[in-house]
Amino acid sequence: MASKRKLGNSTIEVEPLMFGGNIFGWTVDEPTSFLLLDAFVDAGFDFIDTADVYSRWKDGNQGGESESIIGNWIMSRGNRDKVIIATKLGIEMGPDMKGLSQKYIVSAVEASLKRLRTSYIDLYQSHRDDADTPLDETLEAYNKLIQQGKVRFIGASNYTGDRLEEALKVSLDKGIPRYESLQPHYNLYDRGDYERNLEPVALKYNLGVIPYFSLASGFLTGKYRSEADLFKSARGGGAKKYLNERGFKILAALDSVSARLEANPAQVALAWLIARPSITAPIASATTAEQLEDLIASTRLELDETAITQLNEASAPE
């Protein structure tokens, strides 16, 4: 297994793969979620991503389902000290339940702690920027939670490079904890925005980077190669936008590298992310034990310079 990586300047050290908990309570039920989490931890991994809003979009759900499943699993396994839990807040959970105001942060953290059945959150993240709340108000609120022992470290997701840098400067000026990590949308297909606007900030300030949609909604696994393939899963619709000339060029490069290295496209696409100097751990989800095996295998796959160059050229941002 690859060696552990530090998350920014924090004391959190993780293997280079994070389990995406957005599927818990959506495409996988609680018993299956438990089996997947057990297998992930048994394989030597410990970094789990969720959010209060997962999976509010499913009919009959309220939000909080993913956190509750993880909390029930932690409680039944008695392994809280062996896992690193990252959750997020800020996306609407109901009337007047959104954003990053001090008032809302104080109530949102208590709700997440209760669902997760824990007294602390390892990494608490702003799910998206809140232009209506001053950055210092948000960061001061997080500072209090850290002082109270309810949160260990904080991170940002879906920020622009400019706003992220502004937030980091506020923390520095006020001498309060800063965002130690960034959770951006980044993968072999979606490269432009991250590489142009966010990666320079992450490298300059030594931030941990935990990208989501690491497999481009399943497109980079190679299972969606035509419109007809989109019906293969509940999440297939998300891959439609990738069925174009550039997408097919990327798949061809993934197929070529996979054949040479005796791997598969999903493993190669994740290994490409893991090999990028700014990335700490890509987030990926699995709904079956077989899929999870694939994700884990990606952390053992060493891409040579030839493979990285071939993938970089095929996926060069427009």
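The values are calculated or read from the model by the stated rules, or taken from the named source; none is laboratory data. Every value quoted in this text rests on a predicted model; they were computed, and no experiment measured them. Heads up, the Cβs are rebuilt from the backbone with ideal geometry, glycines too, and the neighbour counts pull from every protein chain shown. Calculation scope for accessible area: heavy atoms of the full protein, side chains included, ligands and nucleic acids excluded. Shrake-Rupley method; radii C 1.70, N 1.55, O 1.52, S 1.80 Å.
Couple of notes before you dig in:
- In a DSSP loop and with at most 13 other Cβ atoms within 10 Å, the GluC sites (Glu not before Pro) in segment 18-105 are 92.
- Highest-fluctuation residue, 100, 113, 35 considered, GNM on the chain with Cα pairs under 10 Å: 35
- Carbon + sulfur, % of accessible area of the chain - ligands and nucleic acids excluded, 1.4 Å: 50
- Net charge of Cβ neighbours under 11 Å - reference residue 279; Lys, Arg +1; Asp, Glu -1: +1
- Residue of 40, 24, 248 that the Gaussian network model of the chain assigns the largest fluctuation, springs spanning Cα pairs under 10 Å: 248
- Spatially close lysines, pair count over segment 88-219: Cα under 28 Å, gap of eight or more or interchain: 27
- Where chymotrypsin sites (Phe, Trp or Tyr not before Pro) fall in DSSP loop in segment 44-81, at most 16 other Cβ within 10 Å: 57
- When you filter the GluC sites (Glu not before Pro) in segment 148-256 for DSSP loop state and at most 15 other Cβ atoms inside 10 Å of their Cβ, nothing is left.
- Against the rule of thumb 2.2 N^0.38 Å, how large the Cα Rg of segment 1-129 comes out: 1.04
- D by Stokes-Einstein for segment 51-93, Kirkwood Rh over Cα pairs, 4 °C, 1.567 mPa s: 116 µm²/s.
- For segment 91-233, the spread of Cα positions along the three principal axes, ordered from largest to smallest, is 51, 35, 26 Å.
- Under 13 Å, Cβ to Cβ, from residue 306 - net charge with Lys/Arg +1 and Asp/Glu -1: -3
- Global form of the chain, assessed from the alpha-carbon gyration tensor, a/c cut-off 1.5: prolate
- When Rg and Dmax are taken over the Cα atoms of segment 166-289, they come to 16.7, 55 Å.
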